[in-house]
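Below you'll find the structure, written out as structure tokens, and then a few comments.
The values are calculated or read from the model by the stated rules, or taken from the named source; none is laboratory data. The structure displayed is predicted, hence computed values, not measured ones. Note: ideal-geometry Cβ built from the backbone for every residue, glycine included; neighbour counts use all protein chains shown. Just so you know, the surface numbers come from the protein's heavy atoms only, side chains and all, with ligands and any DNA or RNA stripped out. Shrake-Rupley method; radii C 1.70, N 1.55, O 1.52, S 1.80 Å.
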Amino acid sequence: MATATASTLTVLFPTKTKTKTITSRPHSHLLTIKASSTNPTLPGRKLRAAVIGGGPAGSSAAEALACGGVETFLIERNPPTVAKPCGGAIPLCMLEEFDIPTHLIDRHVTRMRIISPSNLAVDFGKTLKSHEFIAMLRREALDSFLRSRAESLGANLVSGLVTSLDLPDSSTAPYVVHYTSNNSRRSLPVDVVIGADGANSRVARSIHAGSYTCAIAFQERITLPDHKMNYYEDLAEMYIGNDVSPDFYAWVFPKCDHVAVGTGTVRAKQDIKMYQRGIRERVKHKIKGGKVIKVEAHPIPEHPRPVRVRGRVALVGDAAGYVTKCSGEGIYFAAKSGRMCGEAIVKASEGGDKMINEDDLKREYLRVWDNKYITTFRFLDLLQKVFYGNNAAREALVELCGDEYVQRMTFESYLYKKLADGDRWQDVKMVWNTMASLMRCNIVGR
Ligand SMILES: Cc1cc2nc3c(=O)[nH]c(=O)nc-3n(C[C@H](O)[C@H](O)[C@H](O)COP(=O)(O)OP(=O)(O)OC[C@H]3O[C@@H](n4cnc5c(N)ncnc54)[C@H](O)[C@@H]3O)c2cc1C
């Protein structure tokens, strides 16, 4: 891989930045951030960062960087109308934490139905309070909103496909991002790179971050006759069983004027179309008369990459591998990791005035992330292993989901991304019920 020399490239760095003073709620605390860094001060210019990929991770990172005084370039290959294949379900806390306007929400889902292999159905959502719901959005709407907001707050939005990254030959020399834009090749020297370019991350490859196991998710968007669409007004469905996936769930999620019907698997990617036929068969009466308007597939990472920070490059979102097992949730974690990483760089660079290094990224971003979320990821990994392995375990899972205490704990943890306050007696009961369900379904003792 080619390397960039400081002498030829530092002349390209402009001294003026487009940053604005931000007083909006999400970043107001940045104004008070102080770090006791011994990093060298940048001569007459601001730290310059390239964020590769304008999904939720990249836009949130770019917003945090621009708000914090770093000269920021957000490079995205797709125009705003292109939708990332995604169910588009986000938790309530994301609306508030990321100031997502309510007009972006297509559906307020208040009933989440889980359907077992034997078609036992449990409505998951009885414990929701009147203001609580799962927000369903179209990714094209969410992504273009977040990208435009990052731009309006000072990030330079660049329409381009990043083709390669040259690594520096010293701790202060620039990284050089090569990209194509409007059929011409361009290069951008920067101090810091955030790889927010999703599951097939080119940035991860450039820094030899190692690979991860991926699931493949397949989804059809289907418009339904009005009376059938009404059925999914506030309802999302999850189907489990060997017929729809050997190790994940299949779904019917309502969108603005259609439903997304899909499934995923890690173990049997070659059979994904067979599993898609399986979910279509299970919901055939509900989608009869529907018209497929789009078919899409995309990898979903199964665990974090072996390396998430190298030198002055950090990976966030799917590029880092932040999707929870069991639920396949990644939008909130992408946005959160992007923002955390951006804020870490702002803090370490003292508002963009100093160079940063690998230790800063590890200390201010990775350690903080792992402390906050690693337990959640491990817990959901365990649940997937216990409950998604075979049909008997799946029946036990659905049986358990009927329990109101299980529902309350699950929804509170999902909607607010923190462990709900439990009741010790109810916790003991829940463990006992779990064991009883597993025994009844012959899982324990097998
Ligand atoms: C079918 C499916 C359903 C899902 N449903 C849900 C759900 O309901 N809820 C949920 O929370 N999560 C869901 N997920 C997971 C979720 O989609 C991801 O976790 C989330 O999109 C990660 O965001 P990100 O910003 O890290 O990456 P992405 O959203 O993948 O964004 C990466 C961006 O980088 C750009 N890019 C890539 N390479 C380059 C390059 N070389 N140059 C320039 N730009 C580049 C891409 O165009 C893209 O805009 C689902 C995933 C799939 C596949």
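Each 20 Å bin from zero holds the following percent of Cα-Cα pairs in the chain: 25, 53, 21, 1. For the range 108-144, the list of trypsin sites (Lys or Arg not before Pro) that fall in a loop by DSSP and count at most 10 other C-beta atoms within 10 angstrom reads LYS129. The angle separating the long axis of helix 391-401 from the principal Cα axis of greatest extent in the chain is about 80 degrees. In the range 250-353, the inverse of the mean reciprocal separation of distinct Cα atoms equals 16.6 Å; this is its Kirkwood hydrodynamic radius. For the range 237-339, the per residue solvent-accessible surface stands at 34 Å², with DNA, RNA and ligands left out and a 1.4 Å probe. With a 1.4 Å probe rolled over the protein heavy atoms of all chains, the accessible area of VAL309, VAL292 falls in the order VAL292, VAL309, largest first. Ranked by solvent-accessible area (1.4 Å probe, protein heavy atoms only, all chains present), the residues LEU397, LEU361 order from largest to smallest as LEU397, LEU361. Sequence-ordered 3J(HN,Hα) estimates for the range 157-172 from the Karplus curve with 6.51, -1.76 and 1.60 and θ = phi - 60° stand at 8, 10, 8, x, 9, 6, 9, 6, 10, 8, 8, x, 9, 8, 6, 10 Hz, glycine and proline given as x.
Annotation: extensible slack from MET274 through SER130 equals 47.9 nm (criterion: 0.36 nm per residue apart, minus Cα-Cα distance). To the nearest 10, the accessible area of SER170 is 50 Å² with a 1.4 Å probe. Pairs spanning more than 21 Å between alpha-carbon atoms, out of LYS325/LYS417; LYS269/LYS385; LYS126/LYS228; LYS286/LYS325; LYS126/LYS336: LYS126/LYS228; LYS286/LYS325; LYS126/LYS336. Taking every DSSP beta bridge that has both ends in the chain, the antiparallel portion is near 70%. Residues whose amide H lies under 5 Å from that of ARG138, counting only those 5 or more places away or on a different chain, are ASP106; hydrogens are built 1.01 Å from N in the peptide plane. Evaluating 6.51 cos²θ - 1.76 cosθ + 1.60 at θ = phi - 60° for every residue in the range 406-411, the Karplus couplings come out as 4, 4, 5, 5, 5, 5 Hz, glycine and proline recorded as x. The distance from the alpha carbon centre of the range 70-88 to that of the range 213-274 is 24 Å, rounded to a whole number. Size descriptors for the range 97-198, from the alpha-carbon set: Rg then Dmax equal 21.6, 61 Å. Only loop residues by DSSP count here, and only those with at most 13 other Cβ atoms within 10 Å; note down the GluC sites (Glu not before Pro) in the range 211-280 that meet that. Answer by residue number: GLU233.
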